[in-house]
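First up is the structure itself, then whatever we jot down about it.
Derivation of every value follows stated rules applied to the coordinates shown; laboratory data play no part. None of these values were measured; they are calculated from a predicted model. Note: ideal-geometry Cβ built from the backbone for every residue, glycine included; neighbour counts use all protein chains shown.
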Amino acid sequence: MSKRALVTGSAGFIGFHLCRRLLAEGWQVTGLDAVTPYYDVALKEARLDRLREEAGFTELRGRVETPDLLRELMGREKPELVVHLAAQAGVRYSIEAPRSYVEANLVGTFELLEAARAHPPKHLMMASTSSVYGANTSMPYRETDKADTQMSFYAATKKANEAMAQSYAHLYGLPTTMFRFFTVYGPWGRPDMALFKFTSAVLKGEPIEVYNHGDMMRDFTYIDDLVEGIVRLSQAVPGREPVGTADSLSPVAPWRVVNIGNGQPVKLLDFVEAIEAATGRQAEKIMRPMQPGDVPATWADATLIEALAGALPRTDIRDGVRRFVDWYRDFYRV
Ligand SMILES: NC(=O)c1ccc[n+]([C@@H]2O[C@H](COP(=O)([O-])OP(=O)(O)OC[C@H]3O[C@@H](n4cnc5c(N)ncnc54)[C@H](O)[C@@H]3O)[C@@H](O)[C@H]2O)c1
């Protein structure tokens, strides 16, 4: 009998790619997503259309914060792997609409934890973010670094999710891995993120807004490399023994946080150059100050993930950007 997984946020950028990978490996995958209008729902529907072509995929629509929805679903299906990716994402939008982060990220994650308490999977995995490192300046970011100064409400809700999950892991013995993702990009990517916005503008001959006058660095992570990291980490179920000195394992619970990043930060202007090379067009840049909630740099220390999952593939930014631009031109026929 094939193994059963539940992926929340399956119509989203990362959830879609993860579902495809699990299905290709023979898993039965149930995907729950509310297809929220935070960005173009046609893109989410197009991702779901692809997933529906797979026999092992079951689609469910609903909000994770709906009382008992997840508890009933997990009681019915008893997934051995649960990957919770549904969330209200985005740093900037959390300044405009903080309540949606309370509902999706705080209440939604609470409902997921309650469901896992009632029907424990073998491994519960959840998305956090590099944004939890906030005002930290010591680079690269290590999971064991203190991370108490979030710069946006989005990041604060994700830090809260880490703490909520740690307490459930402790109280109910739920093996839990929290991922801290670092600026994920690639085909089928998110319209609210820089690569999508810049590519779209450059292809239309419109200017792009470059924040902090271009003095930014991001540890961009190519989607296939990230999914490889998730799949390998799914085998590294947290127990009671730390794996080496870099482990963030809780002293009281089978719970850890793990960075999934490329480990090689890229300067924003080099990133723009990669878009120019892939599109064959010059970008007209408008320099802007730093945006509220944002941080100038992110850089993942990969020691822990390498100890748990081995060395991961690291797609070069120029190749990854070219694959995104090829997808974008094909999908939007431009
Ligand atoms: N993409 C990145 O660079 C990045 C970086 C750090 C962390 N993350 C985290 O990874 C996860 C996946 O991110 P993504 O880039 O795929 O984002 P995404 O917005 O493309 O995917 C999230 C999905 O969740 C769904 N959703 C939102 N609120 C919901 C709710 N209340 N109930 C049910 N479904 C809901 C949305 O419809 C969407 O399809 C998120 O938790 C995000 O915070 C992403």
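With viscosity set to 1.306 mPa s at 10 °C, what whole-number translational diffusion coefficient in µm²/s follows for region 146-214 from Stokes-Einstein and a Kirkwood radius over Cα pairs?
Once the numbers are plugged in, D ends up at 103 µm²/s.
Over region 271-311, the alpha carbon radius of gyration divided by the compact-protein estimate 2.2 N^0.38 Å works out to 1.86. Amide H to amide H, with H built 1.01 Å from N, Met178 comes under 5 Å of Met126, Arg256, Val257, Val258, counting only residues 5 or more places away or on other chains. Taking the average, over residues, of other Cβ atoms within 10 Å as the packing measure, peptides 323-331, 178-186, 124-132 rank 124-132, 178-186, 323-331 from highest down. Counting every Cα pair in region 225-334, what percent are over 22 Å apart? Result for the distance tail: 52 percent. In plain terms, the residue of Asp219, Asp316 with the fewest other Cβ atoms within 10 Å comes first and the most crowded comes last, giving Asp316, Asp219.
Considering just Cα atoms, how many Å³ per residue does the convex hull of region 41-130 enclose?
Spelled out: Cα convex hull of region 41-130, divided by residues, is 118 Å³.
Working from Cα pairs under 8 Å separated by at least six residues, relative contact order for region 192-334 is 38 percent.
Which entries of Lys78/Lys122; Lys78/Lys158; Lys44/Lys197 show an alpha-carbon separation above 20 angstrom in the structure shown? The answer is Lys78/Lys158. Peptide packing: for 34-40, 284-290, 148-154, the average count of neighbouring Cβ atoms within 10 Å per residue gives the ranking 148-154, 34-40, 284-290, highest mean first.
Summarised as an ellipsoid, the chain has semi-axes of 30, 23, 19 Å, derived from the eigenvalues of the Cα gyration tensor scaled by 5 and square-rooted, with the largest first.
Protection proxy ranking for 220-226, 294-300, 230-236, 55-61, using the average of other Cβ atoms within 10 Å per residue and placing the highest first: 220-226, 294-300, 230-236, 55-61. Using the Cα coordinates of region 69-209, the gyration tensor eigenvalues translate into equivalent-ellipsoid semi-axes of 30, 19, 14 Å, sorted from longest to shortest. With 0.36 nm allotted per residue and the present C-alpha distance subtracted, the Val243-Thr149 stretch has 31.2 nm of extension available.
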